[in-house]
Amino acid sequence: MVESRKYDLNLIFQALSDPTRRAMLRSLSKKERVITEIAKPFEMSLAAASKHIKVLEKAKLVNRRKEGSFSYLSLNGKAMMSADRWMQHYKKFWEDQLDSLQELLEEIE
């Protein structure tokens, strides 16, 4: 449980609530990228993209590595895993609900 305290779920879910940030994370799940490469697919200024990236960094969803004048970002899987562990706690509830719905639908048929 110490690992879950390292990451703030409120910040993680706030960061994940935005489709642009989710798309940025999807891009980073493939490989490490420079900030300009992450911002390129979006119709926004580099300053606007940087604001999104700061939210991702604050939530610790990305790691930054400097090399010369370039900043490289990569996905922080450990932060994502802490959110997944939280959601897994509720998975049984939803599975039970879906099983009950399936049984009801089968009875109706």
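The values are calculated or read from the model by the stated rules, or taken from the named source; none is laboratory data. These numbers were taken from a predicted model, which means no experiment stands behind them. FYI the Cβ positions are ideal-geometry reconstructions off the backbone, even for glycines, and counts take in every protein chain you see. The accessibility values were calculated without ligands, DNA or RNA, using every heavy atom of the protein model including side chains. Shrake-Rupley method; radii C 1.70, N 1.55, O 1.52, S 1.80 Å.
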Exercise. Once fully extended, how much extra length lies between TYR90 and GLU37, figured as 0.36 nm per residue of separation less the alpha-carbon to alpha-carbon distance?
Worked result: 15.5 nm
Problem set entry | HN-Hα J in Hz across region 94-105 - Karplus 6.51, -1.76, 1.60, θ = phi - 60°, x for Gly and Pro | 5, 4, 4, 5, 5, 4, 5, 5, 4, 4, 4, 5
Exercise. Calculated from DSSP H runs of 4 or more alone, at -39500 (n - 2.57) each and per residue, what is the 222 nm mean residue ellipticity of the chain, nearest 500?
Worked result: -21000 deg cm²/dmol
Exercise. How much length, in nm to one decimal, is gained on full extension between LYS54 and LEU105, taken as 0.36 nm per residue of separation minus their Cα-Cα distance?
Worked result: 13.7 nm
For this session: With a point put 7 Å past each Cα toward its Cβ, work out how far GLN97 is from SER17 in nm, to one decimal.
Result: 2.0
Exercise. If you build a Gaussian network model of the chain, linking Cα atoms that sit under 10 Å apart, which residue out of MET80, MET24, MET44 swings the most?
Worked result: MET44
Exercise. Between rounded, prolate and oblate, where does region 21-74 land on the alpha carbon gyration tensor, with a ≥ b ≥ c its root eigenvalues, rounded for a/c under 1.5, else prolate if a/b exceeds b/c?
Worked result: rounded
Problem set entry | Average accessible surface area per residue within the chain, 1.4 Å rolling probe, Å² | 73
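Quick one: which of LYS31/LYS91; LYS58/LYS92; LYS40/LYS91; LYS54/LYS78; LYS6/LYS91; LYS31/LYS58 span more than 25 angstrom between C-alpha atoms?
Violating the 25 Å Cα-Cα cut-off are LYS31/LYS91; LYS58/LYS92; LYS40/LYS91.
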Exercise. Considering only protein heavy atoms and a 1.4 Å probe, what is the carbon-and-sulfur percentage of the accessible area of the chain?
Worked result: 55
For this session: With θ set to phi - 60°, apply the Karplus curve 6.51 cos²θ - 1.76 cosθ + 1.60 along region 59-67 and write out the HN-Hα couplings as whole Hz, x wherever there is a Gly or Pro.
Result: 7, 6, 7, 10, 10, 10, 10, 9, 9
For this session: Please build a GNM for the chain, connecting alpha carbons under 10 Å apart, and tell me which residue among LYS51, LYS60, LYS92 fluctuates the most.
Result: LYS92
Seminar exercise, completed: Per its Cα gyration tensor (rounded if a/c is under 1.5, else prolate when a/b beats b/c, else oblate), the chain is best filed as prolate
